[in-house]
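Working notes for the structure below.
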Amino acid sequence: MSVTPAAASTPDSLETPLARAAAVPVPPADSLVGRFPLQAHPRPATDAERAQALTDLHFGRVFTDHMAHARWTREGGWAEHAVVPFGDLTLSPAAAVLHYAQEVFEGIKAYRHADGSIWTFRPRYNAARMNLSARRMAIPELPEEDFIASLVDLVRADAEWVPSGEGESLYLRPYAFASEAFLGVHAASTIDYYVIASPSGAYFTHGLQPISIWVSQDYHRAGRGGTGFAKTGGNYASSLLPQQEADAEGCDQVCFLDDVTEKNLEELGGMNVMVVDADGTVRTPQLTGTILEGNTRSAIIRLLKDSGRRVVEETIPLESLLEDISSGKVREVFACGTAAVVVPLGRLKGRGFDVAIEGSEVTHEIYERLTGIQYGRLEDPYNWMYRLV
């Protein structure tokens, strides 16, 4: 399914190409299994090693026994599909990704339900978004069902690594990069695709406790016509220096303003932002091509609208937001993304301002509803969940 980046005039995230892609039914996992045949690890982790890893969970620190892999070449297209032992990669020092950052990635989770089954959340959305990112980075698209099959085969190989505690999951990181060895500014003719998996606890160890935000007024995450809508490493690399600035200011995360007026909210380094007004309206920055169209953002908008709340995607000037927080017109602000799900923002700080935000009622409601669906505790009326095992 071909999708194009959302334009600045996009009126409704429920009708974007990515949202429509997510609604296309996915064939049952049993019909996809085996597209990435298993090459079993000769020395997998012992039961004791795996038990220790599942007890001492940290986000993205420990990895499972296997990883999915495929390779694209200009002559042969996508081939070499397999689930192989997890291990270090061998790359030429001239590999194009190291010099020109031709790379895309995704983030998606596998959840263990109470009956032991393992599910994931809206996988075709991630598959379509990865292809959207790939087109922007001149990387060949991986067929959406092959993307999903790589998750199926990897999770089935490493099912024992999926934790079962509250808020725990197996974080899956699909990514593709230019592995051809050359020095020259052009698209690579060899691309490697991998999926690695990490058993993880909550992204923020303090759970739903409010976090503090430094609003960067000197740096921008992305520019118009650039790669802001794509999930590519350069966007995150550009956030690291301002994140250090946020750390120095005693803040947990950094929030970026737009690159044109330098006055309007865009997103955090890795999460979308939503504002809750006193009348119950929820506002979020509209998709302008510089903001990542989050899967969690899209799902939350659907949940809010279907619960009767008014949701508005619009330009949100920082100055008016600060005034509305002070006057009480804004009751809460929260961020959302795959890794963290949702987290309330309790403080906005920047040059010349430092304001507290007390509310988190809607944030908690959304967290309970969305995670209830993801972990199988609540009904899934949207068929968002997809059974892997």
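The values are calculated or read from the model by the stated rules, or taken from the named source; none is laboratory data. Just so it is clear, the structure is predicted and the values come from calculations on it, not from any experiment. When we count neighbours, we look across all protein chains shown, and the Cβ atoms used for this are built from the backbone with ideal geometry, even at glycine. SASA here: full protein model, heavy atoms, side chains in, ligands and nucleic acids out. Shrake-Rupley method; radii C 1.70, N 1.55, O 1.52, S 1.80 Å.
Report, in deg cm²/dmol and to the nearest 500, the calculated mean residue ellipticity at 222 nm for the chain, where each DSSP H run with n ≥ 4 adds -39500 (n - 2.57) and the sum is divided by the residue count.
Computed mean residue ellipticity for the chain: -7500 deg cm²/dmol.
What residue among L54, L241, L170 has the largest mean-square fluctuation in a Gaussian network model of the chain, using Cα springs under 10 Å?
Among L54, L241, L170, the largest mean-square fluctuation in the Gaussian network model of the chain belongs to L241.
Over the C-alpha atoms of segment 11-202, what are the Rg and the largest Cα-to-Cα span, Dmax, in Å?
When restricted to the Cα atoms of segment 11-202, Rg and Dmax are 17.1, 53 Å.
Sort 259-267, 303-311, 63-71 by the packing proxy (mean of other Cβ within 10 Å over each peptide's residues), most packed first.
63-71, 259-267, 303-311
Explain nothing, just the number: relative contact order of the chain, from Cα pairs under 8 Å at least 6 residues apart, as a whole percent.
19
So, for the chain, what is the accessible surface per residue at a probe of 1.4 Å, expressed in square angstrom?
42
For segment 211-373, what does the relative contact order come out to in percent, with C-alpha contacts under 8 Å and a separation of six or more?
In percent, rounded to a whole number, it is 24.
Select from F59, Q39, M130 the residue farthest towards the positive end of the dipole of segment 11-202; place +1 on Cβ of Lys and Arg, -1 on Cβ of Asp and Glu, and compute about the Cα centre.
Comparing the listed Cα positions along the dipole, M130 ranks first.
Kirkwood Rh, Cα Rg: Rg to Rh for segment 182-340?
Rounded to two decimals, Rg over Rh is 1.00.
What Kirkwood hydrodynamic radius do you get for the chain when you take the inverse of the mean 1/r over all pairs of distinct Cα atoms, in Å?
It is 21.6 Å.
Order 208-214, 128-134 from most to least packed using the mean count of other Cβ atoms within 10 Å.
Peptide ranking by packing, descending: 128-134, 208-214.
I'd like the Karplus ³J(HN,Hα) series for segment 280-285: coefficients 6.51, -1.76, 1.60, θ = phi - 60°, whole numbers in Hz, and an x wherever there's a Gly or Pro.
Each residue of segment 280-285 in turn: x, 5, 10, 10, 9, x Hz.
Using the alpha-carbon centroid of each, what span in Å lies between segment 211-256 and segment 339-370?
About 17 Å separates the Cα centre of segment 211-256 from the one of segment 339-370.
Putting +1 on Lys and Arg Cβ atoms and -1 on Asp and Glu Cβ atoms, find which of A230, V276, S327 reaches farthest to the positive end of the dipole of segment 211-373.
A230
Applying the Karplus parametrisation 6.51 cos²θ - 1.76 cosθ + 1.60 with θ = phi - 60° to the phi angles of segment 200-212, what ³J(HN,Hα) value in whole Hz is obtained for each residue in order, glycine and proline being reported as x?
Computed from phi, the couplings for segment 200-212 are 9, x, 5, 4, 9, 5, 8, x, 8, 5, x, 10, 9 Hz.
Please report the carbon-and-sulfur percent of the accessible area for segment 58-100; probe 1.4 Å, protein heavy atoms only, DNA, RNA and ligands left out.
It is 53 percent, rounded to a whole number.
Could you pull out every residue, at least 5 positions away or on a different chain, whose amide H is within less than 5 Å of the one on N264? Hs are placed 1.01 Å off N in the peptide plane, and Pro or chain starts have none.
Residues meeting the criterion, in which the H sits 1.01 Å from N, are D258, L318.
Apply the Karplus parameterisation 6.51 cos²θ - 1.76 cosθ + 1.60, with θ equal to phi minus 60°, to every residue of segment 113-122 and state each ³J(HN,Hα) to the nearest whole Hz, in sequence, with x for glycine and proline.
Coupling constants for segment 113-122: 8, 4, 7, x, 5, 10, 10, 10, 10, 6 Hz.
Please give the charge dipole size of the chain, origin at the Cα centre, charges +1 on K and R Cβ atoms and -1 on D and E Cβ atoms. Round to the nearest 20 debye.
For the chain, the charge dipole is close to 560 debye.
Name the residue farthest towards the positive end of the dipole of segment 211-373 from the options A299, S239, L287, assuming +1 on Cβ of Lys and Arg, -1 on Cβ of Asp and Glu, about the Cα centre.
It is A299, whose Cα lies furthest towards the positive end.
Which percent of Cα pairs goes in each bin when the distances of segment 262-369 are cut into 10 angstrom slices starting at zero?
Values per bin, smallest distances first: 14, 52, 31, 2.
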